[in-house]
1. Students often get this wrong: which residues of the stretch 78-98 have the backbone nitrogen under 14 Å from the point 7 angstrom along Cα-to-C-beta of Arg48?
2. For Arg27, Arg50, Arg43, Arg93, which order do you get if you count the other beta carbons within 10 Å of each Cβ and list the fewest first?
3. Extending each Cα 7 Å along its Cβ direction at Arg32 and Gln78, get the distance between those two points in nm, one decimal.
4. How long are the semi-axes of the equivalent ellipsoid of the stretch 26-106, taking √(5λ) for every eigenvalue λ of the Cα gyration tensor, in whole Å from largest down?
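Bear in mind that the values in this text are calculations on the coordinates, not laboratory data. Predicted model only: the values in this text are computed from it and were never measured. Neighbour counts are summed over all protein chains in view; Cβ atoms, including those assigned to glycine, are modelled from backbone coordinates with ideal geometry.
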Amino acid sequence: MPLSTSSRARCAPKHDASNTTGDGIDRLERRRRAVRLNSWTDRDTAMRHRSAIWHPETAVKLETRLDAHVAAMFHDAQPDSCPTDLLEKRRVRRGGLSGGRIDSEVQ
């Protein structure tokens, strides 16, 4: 089951001004600078992959919005290909959400 917004907020590390290093860059700023998004195509399957590293506060916001969109889209019906395993079901529904939004914006 996905975490609630309040649970995610509790899990996200808080900014502590005393967490600075000798270079003067604090922990929060180092996290902001570490944000990355990578993508690649699998040579065998031609499937696209994405890997992301987000700042904890940004991750909480993205997860909350994504879960709300998934809940709204699949409230009444599940995709035909949706597995029964809860973790896999969540992954399939999230994948369908991103693909569906792209398809609707392109057309």
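1. 95-98
2. Arg43, Arg50, Arg27, Arg93
3. The two pseudo-label positions are separated by 4.2 nm.
4. On the way: eigenvalues 139, 67, 31 Å².
Value: 26, 18, 12 Å, ordered largest first.
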